Every structure is written in structure tokens, then in C-alpha cells.
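Notes for the one structure printed next.
The values are calculated or read from the model by the stated rules, or taken from the named source; none is laboratory data. Nothing here was measured: the structure is a model prediction, and the numbers come from that model. In this analysis, Cβ positions are derived from the backbone assuming ideal geometry, glycine residues included, and neighbour counts consider all displayed protein chains. Protein only, heavy atoms only, side chains kept; ligands, DNA and RNA dropped before computing areas. Shrake-Rupley method; radii C 1.70, N 1.55, O 1.52, S 1.80 Å.
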Amino acid sequence: MTGDIDLGGVFVHPLLIAALLAFVMAELIGWALSRFRLYRFVWHRGLFDVALTVILWAGLAGILTGGNPASAFFG
């Protein structure tokens with residue numbers, strides 16, 4: 001048994017699904033930050049967006065693979 005997820009007969013690795021979910025979540029959070037003008041407290045918007053996406057990706061990857069989400073950060 002592999003760790004892949006079956007989506008309509010196509011086997012997809014959980015990290016790909018986590019990456020897609022992290023990107024969508026980061027875009028929604030970025031939209032909310034723009035809407036409420038909270039990006040003015042961020043030094044560099046591009047770096048912040050990339051860091052937010054990576055943090056969300058690591059957390060979702062830990063959850064989807066059945067591990068401890070904290071282990072994605074602290075080994």
C-alpha cells in the first residue's frame with residue numbers, strides 16, 4: 001500500500017495536495033491582509049508571502065501524511 005491518494009483513478013502524492021491547499025490558503029490570507037490594509041506592517045510583501053506559503057505547506061504536509069505537524073518544523 002502506498003501513501004498516495006486516489007483522486008478518480010489518479011494517484012496523487014499528499015505533498016502535492018498540501019502544496020495546492022497551502023497556495024490557496026496563502027492567497028486567501030493575502031487577500032484578507034490587503035483588504036484590511038494590514039500589509040503596511042510587513043517589511044517585504046514578497047518574502048512574507050513566500051514564508052507564509054512555506055509555513056502553511058509544512059503544516060498541511062504534516063497533517064496529511066499522518067505525522068505530527070510540529071515535526072515538519074523541528075525534525
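List of remarks:
- Computed extension gain for residue 7 through residue 37, at 0.36 nm per residue and net of the alpha carbon distance, reaches 7.0 nm.
- Computed over the chain with a Gaussian network model linking Cα atoms closer than 10 Å, the most mobile of 52, 28, 15 is 28.
- Scattering profile of the chain at q = 0.12 Å⁻¹ [log10 I(q)/I(0), Debye over alpha-carbon scatterers]: -0.42
- Proximal charge balance of residue 42 [Cβ under 15 Å; K/R count +1, D/E count -1]: +3
- Whole-number accessible area per residue in Å² for the chain, which is evaluated in the context of all protein chains at 1.4 Å: 76
- Note on residue 28 and residue 63: the model spin-label points, each 7 Å out from Cα along the C-beta direction, lie 1.0 nm apart.
- The chain, accessible surface, carbon-and-sulfur percent (1.4 angstrom probe): 71
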